[in-house]
1. Out of curiosity, is I105 under 25 Å from the mean Cα position of the chain (by Cα), closer than 30 Å to I156 by Cβ and assigned to a helix (DSSP H, G or I)?
2. Is there a residue in region 266-276 that is within 13 Å of ligand 2 (Cβ to nearest atom), surrounded by fewer than 23 Cβ atoms within 10 Å (Cβ to Cβ) and farther than 20 Å from I182 by Cα?
3. Name the strands (runs of 3 or more DSSP E) wholly within region 233-329 that hold at least 3 residues that are closer than 21 Å to I149 by Cα and charged (D, E, K, R)?
4. One residue is enough: does region 87-96 have a residue meeting the conditions among the aliphatic types (A, V, I, L, M), modelled with pLDDT of 95 or more and farther than 30 Å from I14 by Cα?
5. Output the number of the condition that F211 fails; it satisfies all remaining conditions of (1) within 14 Å of ligand 1 (Cβ to nearest atom); (2) under 20 Å from T290 (Cβ atoms); (3) out of contact with any Gly (no Cβ under 9 Å at 6 or more places or on another chain).
6. Specify the residue that is farthest from G88 (Cα to Cα); the eligible residues are those in region 213-255 that are of a type in the set (S, T, Y) and within 13 Å of ligand 2 (Cβ to nearest atom).
7. Which pairs turn up if I take residues in region 146-159 that are within 13 Å of P213 (Cα to Cα) and look for partners that are of a type outside the set (S, T, Y) and within 12 Å of ligand 2 (Cβ to nearest atom) with beta carbon separation below 6 Å, at least 6 apart in sequence or on another chain?
Amino acid sequence: MIYKSPITDHNSPITIRSLLRNTAVQFEERGIESPRLTAELLLAQILQMKRVELYLDFDREILEEERNCFQRSIERRLRGEPTNYILGEMEFMGFTLKIQKGVFIPRPETETLCEAVLNQIESVGVWDGLHQNDPNGRSSPTELIVFEIGCGCGAISLALALQFTTNHKYPITNYRIFASDISEEALQNARENARRLGVSSNIQFLKGDLFEPFHPLQLKADLLISNPPYVPSSLLDQLSLEIRKFEPREALDGGEDGLTFLRKIVREAPPLLKKGGLLALEVGEGQASTVQDLINPKGGFQEVEIFKDLAGIRRGVLAKLSVKESLQN
Ligand code: SAM
Ligand code: GLN
């Protein structure tokens, strides 16, 4: 396919201003979402500038080499490649994550899952799982243990680690996070992110199927969190071309009704949680009530709560394991 270059169609000098304008028009014509923003992000990367700096230097002329690089980025985007794969990075919960091709790109709705859990920690102080051994009921110096299933590039675990480490409103001095994924590429990506963000010593990334890598640890968790694949198999072909063509199918395919992983996690979680420990799950649109029902009668959970994302969609479920003795504990 031949792409019309917005760069070479002009005789007058090419500046940041004209290049952004022309590229945004071209993206719009080709149905690219957020055309202007996409053009700005791609150009800022090539020029090694922040987005806002483009506006401060609007009449800067663009060198030929820069134009060629930008043109390559434009063509990748026009072929449907997601902007974050072209940039090789993305923003999540206020920090920058490296994101490599073949690894699921975290979605904004997953920030809601992180926030729901952080709110819970802040409002409850420390949950019962943490101070179950403290006869005075005070928060004890016990280590907070987190298990994440299906960590992808590490977004959720890293967001929690960064908050625990840097935000003093969370009463957590000592924590360890264990995050699993079935994909070696995802784990490599996640390890690199942990190194860059300086939290490697608190997180271990483990390869394996769902809970399997956690069993040899012989630990119980205060928090078990997951955004598992939950798209019904029959709907995968209806996802946008850019998801279908570029993102890993195994990150999205939730089986026939989308609930295969969610069901397994709900069933297998109780023995891996401390008493009073929290299960936090992201779910697909229309799945929250079903998952709530799966949780309610099983495994001694109490206080099952649904939370919404910014679009008002019931996006996830929080459930606390009872502090009383249950069959599973
Ligand atoms: N936690 C990341 C996030 O929120 O951006 C990634 C979520 S993505 C929807 C689901 C992840 O689960 C993918 O990284 C995929 O590789 C992983 N996965 C799929 N099947 C798995 C399995 N059987 N065991 C562990 N992880 C699995
Ligand atoms: N929210 C994602 C999407 O529709 C799906 C994520 C998932 O399966 N966990 O693109």
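1. no
2. Taking every residue of region 266-276 in turn, none turns out to be within 13 Å of ligand 2 (Cβ to nearest atom), surrounded by fewer than 23 Cβ atoms within 10 Å (Cβ to Cβ) and farther than 20 Å from I182 by Cα.
3. Here the list reads 273-282, 314-321.
4. Within region 87-96, one or more residues are among the aliphatic types (A, V, I, L, M), modelled with pLDDT of 95 or more and farther than 30 Å from I14 by Cα.
5. Here F211 clears every test but (2).
6. Checked region 213-255; the qualifying residue farthest from G88 (Cα to Cα) is S233.
7. Close Cβ pairs satisfying both conditions: E148/I156; G150/P228.
Listed here are the residues, each with its yes/no results for (1) among the polar types (S, T, N, Q); (2) in a helix (DSSP H, G or I); (3) within 25 Å of the chain's Cα centre (by Cα); (4) closer than 17 Å to M90 by Cα.
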| residue | (1), (2), (3), (4) |
| --- | --- |
| N22 | yes, yes, no, no |
| F27 | no, yes, no, no |
| I32 | no, no, yes, no |
| E40 | no, yes, yes, yes |
| Q45 | yes, yes, yes, yes |
| Y55 | no, yes, no, no |
| F58 | no, no, no, no |
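The values are calculated or read from the model by the stated rules, or taken from the named source; none is laboratory data. No experiment lies behind these values; they were computed from the predicted model shown. Cβ sites come from the backbone with ideal geometry, for glycine too, and all protein chains shown count toward neighbours.
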